[in-house]
1. If you rank Asp49, Asp79 by fewest surrounding Cβ atoms within 10 Å, what's the result?
2. As a test of the formula, what do you get for the chain when each DSSP H run with n ≥ 4 contributes -39,500 (n - 2.57) and the sum is divided by the residue count, at 222 nm and rounded to the nearest 500 deg cm²/dmol?
3. Within the chain, what's the longest stretch lacking GluC sites (Glu not before Pro) that sit in DSSP loops with no more than 13 other Cβ atoms inside 10 Å?
4. How many percent of the alpha carbon pairs in segment 1-51 exceed a separation of 12 Å?
5. Taking Lys42 as the anchor, which aspartates and glutamates have their alpha carbon closer than 15 Å to its alpha carbon, excluding any fewer than eight residues away along the same chain?
6. Report which label in [x] 39, 30, 24; [y] 34, 29, 22; [z] 98, 56, 14 holds the value of Cα extents along the principal axes in Å derived from the coordinates of this structure.
7. If each residue of separation counts as 0.36 nm, what is the full-extension length gain between Glu51 and Met1 once their alpha-carbon separation is subtracted?
8. Quick one: if you stick a label point 7 Å off each Cα along the C-beta vector at Leu85 and Asn16, how many nm between them?
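The numbers here are math on the coordinates, done by the rules we state, and not lab data. If you're wondering where the values come from, they're calculated on a predicted model, not measured in any experiment. Because the Cβ atoms are built from the backbone with ideal geometry, glycine has one as well, and the counts that use them run over all protein chains shown.
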Amino acid sequence: MPTIFLPAVLQGHTNNSTQVEVAAETLEELLETLIKKFPNLKKYFFNQDNELCNFLNIYLNGEDVRFLQGLKTPVAGQDKITVLLAVSGG
């Protein structure tokens, strides 16, 4: 089952879990299932148009999903999905 690794800032929304195993065939399905389990995560993943937030970086086995198939990227078995929130400021 694919495992999604979450940054510390999101762990308060996942009962302090650093990682969550989610049965899914695509990244989109994985995120939908994760958000059903932890609804407060939605605002960190999707904007008002239900598109991935710009400040969100998602990696599948170390590869940026934007350069794969985005939300349609297949996931399976022992895949590791890492979520990073971009930090900016001045």
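1. Working: Asp49 5, Asp79 17.
So the residues, fewest neighbours to most, are Asp49, Asp79.
2. Values: 3 runs with 19 residues, N = 90.
Result for the chain, helices only: -5000 deg cm²/dmol.
3. Details: sites that count: Glu25, Glu51.
The answer is 52-90.
4. Numbers: 799 of 1275 pairs.
The proportion of pairs with Cα distances above 12 Å equals 63 percent.
5. Glu28, Glu29, Glu32, Glu51
6. [x]
7. Details: separation 50, 0.36 × 50 = 18.00 nm, distance 2.46 nm.
Length gained, Glu51 through Met1: 15.5 nm.
8. So the two model labels end up 1.9 nm from each other.
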